[in-house]
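Enquirer: One structure, pasted below without further comment.
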Amino acid sequence: MRLPLFSLESRRRRAAREAPPGPLRDFLATPFPSPRTPIDEAPILAVDFETTGLEPRKDHLLSVGRVEIVRGRVELRTAHHQVIRSSRNLADENVAIHQLTDDQVAAGAPLAAVVEDLLRALAGRVLLAHHAAVESGFLKQACRRLYGAAPLFPVIDTLQLAKRQMERRNQPYQSGELRLFNLRERYRLPRYRAHDALCDAIATAELFLVQAAQSGGRKAPPLKNFLSRT
């Protein structure tokens, strides 16, 4: 079932009281957007992580890209990309996929600075991602490591939205069809370079705007219609 945002909001207030002073408490001090907000007015932050794998407790972050959606528009002036410092050597397959070298990662920004910056950008906004369990899981794990607690935040997942739309229309699909760039091709969006955090964040933002445009009538539906289910 869909997670009621008012419940998440009450949990945010409680978490803010219990969080240690610092970036996590500052993030939790900002109220979440109302679930009644029309989707074209909802403040949204599209986020993508490049990682060494899919398990937050074992793998680590390589880079983060983000861009804001403001009043139904992708604001490219807010686009931001950071490589995250690591002393661990990358496996050959990581270098081949992400095009990040050991030297680039060694010269990246500290994880604490990247997470603090991301939480500041995410405050008061909805996190948007494709297969959002990855971004949500890695961000929560990073916060546990840095602050001893994980944040709460509302989430929109473009992969989950695509599944809902196809199931509503009784359209059969293969799992591969739900990949970000396959969905973009389905909606006749331009092809971008894959496995670049900023490109993927922008690609996700554009995909979401198309999905949102096709989900309602003349009146913009509310944010609650798009929130991820748990």
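Enquirer: Per-residue ellipticity at 222 nm for the chain, helices alone: DSSP H runs ≥ 4 residues times -39500 (n - 2.57), over residue total, nearest 500 deg cm²/dmol?
Expert: -12000 deg cm²/dmol
Enquirer: Can I ask one more? Need one word for the range 8-68: rounded, prolate or oblate. Basis is the Cα gyration tensor (sqrt eigenvalues a ≥ b ≥ c); a/c below 1.5 gives rounded, then a/b vs b/c decides.
Expert: The shape class here is oblate.
Enquirer: I'd like the Karplus ³J(HN,Hα) series for the range 71-85: coefficients 6.51, -1.76, 1.60, θ = phi - 60°, whole numbers in Hz, and an x wherever there's a Gly or Pro.
Expert: For the range 71-85, the Karplus-derived couplings read 6, x, 10, 7, 8, 5, 5, 8, 4, 8, 9, 9, 8, 9, 5 Hz, x marking Gly and Pro.
Enquirer: For the range 131-230, calculate the relative contact order in percent as a whole number, restricting contacts to Cα pairs under 8 Å that are 6 or more residues apart.
Expert: After rounding, I find 28 percent.
Enquirer: For the range 196-205, just list the computed ³J(HN,Hα) in residue order, Karplus coefficients 6.51, -1.76 and 1.60, θ = phi - 60°, integers in Hz, with x standing in for Gly and Pro.
Expert: For the range 196-205, the Karplus-derived couplings read 10, 4, 6, 4, 5, 5, 5, 4, 5, 4 Hz, x marking Gly and Pro.
Enquirer: Another question, then. ASP102 versus ARG77, label points 7 Å from Cα toward the beta carbon: distance in nm?
Expert: Taking the simple label geometry, ASP102 and ARG77 are separated by 4.2 nm.
Enquirer: OK, next. About the Cα centre of the range 5-225, what is the dipole size in debye to 20, counting +1 per Lys and Arg Cβ and -1 per Asp and Glu Cβ, all else neutral?
Expert: Computed about the Cα centre, the dipole is about 1060 debye.
Enquirer: Check THR51: other-chain or 5+ apart residues with amide H under 5 Å from its amide H, H built from backbone geometry?
Expert: Long-range HN contacts for THR51: LEU62.
Enquirer: Once you order the gyration tensor axes a ≥ b ≥ c over the Cα atoms, which shape class does the chain get: rounded for a/c under 1.5, otherwise prolate or oblate by comparing a/b with b/c?
Expert: Oblate.
Enquirer: Over the range 5-225, what is the relative contact order in percent, taking alpha-carbon pairs closer than 8 angstrom and at least six residues apart?
Expert: 27 percent
Enquirer: When DSSP assigns beta bridges and you keep just the ones with both residues in the range 5-225, what percent turn out antiparallel, to the nearest 5?
Expert: Percent antiparallel among DSSP bridges in the range 5-225 is about 70.
Enquirer: Only Lys, Arg, Asp and Glu count, each charged at its Cβ (+1, +1, -1, -1), so figure out the dipole size of the range 1-72 about its Cα centre, rounded to 20 debye.
Expert: So the dipole magnitude of the range 1-72 works out to roughly 460 debye.
Only the coordinates and a few stated rules stand behind these numbers; no lab work does. Given the structure is predicted, the values throughout are model-derived calculations rather than measurements. Positions of Cβ are generated from backbone atoms using ideal geometry, with glycine treated the same way; all protein chains shown enter the neighbour counts.
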